[in-house]
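Here's the structure we're looking at; comments come further down.
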Amino acid sequence: MMKSIKSQLLILIFAAVLPAFGIIIYSNYERQSHEIDMAKDNALIMLQGLANDHENDIEVTRKFLMTLAKLPALRNQNAAACTELFRELLKDNTQYATIFAADSKGMLFANALPSGNISIKQRKYFQNVLRTKDFSAGEYIIGPVSRRPGLPFAYPVMDYSGRVIGVVGISLDLEKYGRNFTAITQFPKGSTLNLLDRNFIRLYRYPEQGKYVGEADLPEIARQLLSGPQQGLFTSIGVDGIKRLFAYKRFSLRDCSSPYLYMRVGIPEEHTLAQAKKTFLRHIVLLISCLIATLLVALFLGNVLIVKRLNRLIDAFRHVGHGDFTVRTGVDHKGGELGKLAHSFDEMAEALETKELERKQAEEALRQSEVFLNTLLNSIPIPVFYKGRDGRYTGFNRAFETFFGATKEQMIGKTVFDINPPELAKIYHTKDNELFEGGSEQHYETQVKNSLGVTRDVIFNKAVFTDSQGTVSGLIGAILDITERKRADEEREKYISELQQAMSKIKTLSGLLPICASCKKIRDDKGYWNQIESFIRDHSEAEFSHGICPECAKKLYPDIFEKIQNKKD
C-alpha cells in the first residue's frame with residue numbers, strides 16, 4: 001500500500017510537470033523548425049551567390065572564346081601564332097588549365113601547353129559545337145597534357161560564310177576554379193560544396209577534393225538532383241555518411257538544353273540544429289532538476305504528515321489479512337481523509353468479526369448436519385446414491401459400496417457405463433435422461449449385477465434435486481433388492497397352482513357314486529355304466545395294474561394256490 005500511495009503521489013507530481021515538458025518540447029520543435037528554415041534560406045542564399053559567380057565566369061569564358069574565334073590567326077589555323085597567343089593568355093588566366101584550337105576534323109593544331117598530335121573528335125563538346133555552331137561545355141576529363149582534372153568549354157571557329165572550320169576551347173582547372181568559391185564564401189562548419197558534370201561525376205568537392213574528385217555521386221543524391229526543379233532543397237546522407245541539408249542548382253548553356261553542371265551546397269543537419277538542441281537540453285536539465293527537488297520535498301512531507309498514521313492502518317490491514325478481525329486502527333476518526341479511512345476500516349473489522357463468528361457457527365452446524373446425514377445414509381441398509389447433472393456419481397452410502405464391491409475413491413466421478421455391463425448401463429442412462437428431462441420422481445423394476453457378478457432383481461426409486469435457482473442439479477436414488485421376494489412369490493404361486501389342481505381332482509371323485517352291487521360297474525353323469533377302473537382313471541391321475549388277491553386266487557384257482565403256498569412253506 002505504501003508503494004501504491006507513493007506511486008500515486010509521484011504520478012500526480014509528474015502530471016503537474018507534464019505541461020511544462022510539453023511546452024519545452026513544443027518550443028524545441030518550433031525552434032528546430034525555425035533553425036531548419038533559416039538553414040534553408042542561408043543555403044539557398046549561399047548557393048545563389050556561388051551560382052551567380054559561376055554563371056558570370058562561364059559568360060566571361062564564352063565571350064573570351066568568342067573573341068578568340070574571330071581572330072584571323074585562328075581562322076587561318078596559324079599554329080605558331082595561335083600557340084604563342086594561347087601561352088600569353090594562359091599566364092593572365094590562371095583559372096584555365098590550357099587553351100587549345102582544333103580543326104574541323106578534331107585534330108589539335110595549337111595548344112598553350114606543349115603537345116603532340118591529339119584528336120578531340122570523339123569529345124562530346126566538340127561534336128556539340130559542330131552540331132549547334134554554338135558555345136558548348138564538356139565533361140570531366142584529366143587533361144592529356146596538363147594531367148589535371150578539368151572541365152572543357154569550346155566555341156566554333158567559322159569562316160565568313162558561316163561554315164565551321166575549327167574549334168577553340170579552354171579547360172577549366174577544377175582545383176583552382178573551386179578554390180575561388182571557397183575564397184569568396186565562408187562555409188559553416190562541416191559544410192560541403194560539390195560540382196558535378198552532366199554524368200554526375202564529381203568535378204570538385206570542398207573539402208577533401210583529392211579524396212572524391214572523379215567519382216560518381218551517390219545514386220539517391222543524383223536522383224534528387226535530376227528529378228527536382230532547376231533549383232531546390234532536399235535532405236540526404238552524403239558520401240561521408242553525414243546527413244545534410246542540400247541546396248542545389250542545375251546549369252544549362254541554353255534554354256531547354258540538358259544540364260552541363262550541377263552545383264550543390266550541403267550544411268550538416270546536426271550543425272543546423274546544434275543550438276536548438278543545446279537550448280532544449282538546458283531546459284530539460286533545469287526541469288528535471290526542479291522535478292527531482294519537488295519529488296524529494298513531496299516524499300519528505302509525505303513521510304512526516306502521512307506515513308505514521310498510514311503505517312498503523314497498514315499494520316491493522318495486515319492483521320485482518322491474517323484473519324485477526326479483533327484488531328482496530330487506533331487512529332483518530334476526526335483526522336481528515338485518513339481519519340475517515342480508519343473509521344471505515346474499524347467498522348469493517350467489526351462487521352467482519354461478527355460475520356466470522358456467524359460463519360464459524362454456520363460451519364459447525366453444517367459439519368454436524370453432514371455427520372448426521374452421512375450417519376443416516378450409512379445406517380440405511382439399502383444402496384443409496386446421488387449423481388450430478390452429467391450423470392457422474394458424486395456420492396453414495398456404505399450399502400452401495402458393499403453391493404457393488406468398490407470404494408468411493410474408485411467410483412466417484414464414474415458413470416453407469418464405467419461400473420455396469422453395457423446392456424444394463426444403457427437402460428440406467430436412458431432412465432436418468434428421462435428423469436432429468438421430464439419428471440421429479442421415477443420408479444422402475446430392472447436388474448443389476450452385484451459385486452459377486454450375480455444378477456439381482458431390483459427396484460430403482462429416484463428423484464431429482466435442484467439448486468437455489470430451481471435448476472436441476474442431479475438426482476438421488478435408492479436400490480431395493482427384490483430378488484428373494486420375487487423368488488418366494490414364484491414358489492408360492494407354484495404351490496397354489498399344484499394345490500388347486502389336487503383339489504380339483506379330489507372334487508371330481510367326491511359325492512355319491514352309483515355302483516352295481518353285483519358287477520361293481522359305476523354309472524357316469526350321462527347314464528352309462530363303466531368299469532370301475534375306467535371311471536377312476538378318467539376322473540383322477542391314478543392308473544391300474546391288475547392282479548388277484550389271495551382269497552380270490554384260493555377260490556378261483558385252488559390247485560395253483562395250494563402249490564404256491566407249499567413252495568413258500
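Note on region 35-287: with charges restricted to the Cβ of Lys and Arg (+1) and Asp and Glu (-1), its dipole about the Cα centre is near 320 debye. Think of each Lys and Arg Cβ as +1 and each Asp and Glu Cβ as -1; about the Cα centre, that makes the dipole of region 380-486 roughly 180 debye. Candidates Val454, Ile479, Gln469 compared by Cα position along the dipole of region 380-486: farthest toward the positive end lies Val454, with charges placed on Cβ.
Stretched out straight at 0.36 nm per residue, the stretch from Asp418 to Leu71 would grow longer than its current Cα-Cα span by 112.6 nm. A Cβ-based charge dipole, computed about the Cα centre of region 61-100 with Lys and Arg at +1 and Asp and Glu at -1, lands at about 200 debye. Listed by chain and number, the aspartates and glutamates whose alpha-carbon sits under 13 Å from that of Lys70, ignoring those within fewer than 8 places in the same chain, are Asp159.
Among residues other than Cys82 whose Cβ falls under 14 Å from its Cβ, what is the net charge (Lys/Arg +1, Asp/Glu -1)? Around Cys82, the charge tally is 0. Per-residue extension of 0.36 nm, minus the Cα-Cα distance of Glu484 and Asn530, leaves a gain of 11.6 nm for this segment. Within the same chain, aspartates and glutamates fewer than 8 places from Lys494 are excluded, and of the rest, those with a Cα less than 20 Å from its Cα are Asp457, Glu484, Glu541.
When the Cα atoms of region 380-486 are aligned to their principal axes, the ranges along those axes come out at 41, 31, 28 Å in descending order. Ranking Phe404, Ala425, Thr415 by Cα position along the charge dipole of region 380-486, where only Lys, Arg, Asp and Glu carry charges on their C-beta atoms, puts Phe404 farthest toward the positive end. Put a dot 7 Å past the Cα of Arg389, heading toward its Cβ, do the same for Thr94, and the two dots end up 10.6 nm apart. How many angstrom separate the Cα center of region 187-228 from the Cα center of region 40-78? Taking the Cα centre of region 40-78 as reference, the centre of region 187-228 is 21 Å away. Between Ser119 and Leu499, the modelled label-to-label distance comes to 15.1 nm, taking each label 7 Å out from Cα in the direction of the beta carbon.
Using 0.36 nm per residue and subtracting the Cα-Cα separation, the extra length available between Met158 and Val371 on full extension is 63.6 nm. Sorted on the mean count of surrounding Cβ atoms within 10 Å across their residues, most packed first, peptides 229-237, 57-65 read 57-65, 229-237.
Note on region 35-287: dipole from Cβ charges, positive end direction compared against Ala112, Leu47, Asn128; the farthest Cα belongs to Asn128. Placing R0 at 25 angstrom, the Cβ-Cβ distance between Ile314 and Glu356 gives a FRET efficiency of 0.75 after rounding to 0.05. Computing FRET efficiency as 1/(1 + (r/R0)^6) for Glu363 and Ser468, where r is the C-beta to C-beta distance and R0 is 25 Å, gives about 0.85.
For Ala399, the shell of other residues with beta-carbons less than 15 Å away shows a net charge of +1, using +1 for Lys and Arg and -1 for Asp and Glu. Taking the Cα centroid of region 447-495 and of region 389-440, what is the distance between the two, rounded to the nearest whole Å? Region 447-495 and region 389-440 have Cα centres separated by 12 Å.
Values in this text are rule-based calculations from the coordinates and carry no lab data. Bear in mind that the values here come from a model prediction, so they are computed numbers and not experimental data. Cβ atoms come from the backbone with ideal geometry, glycine included; neighbour counts cover every protein chain shown.
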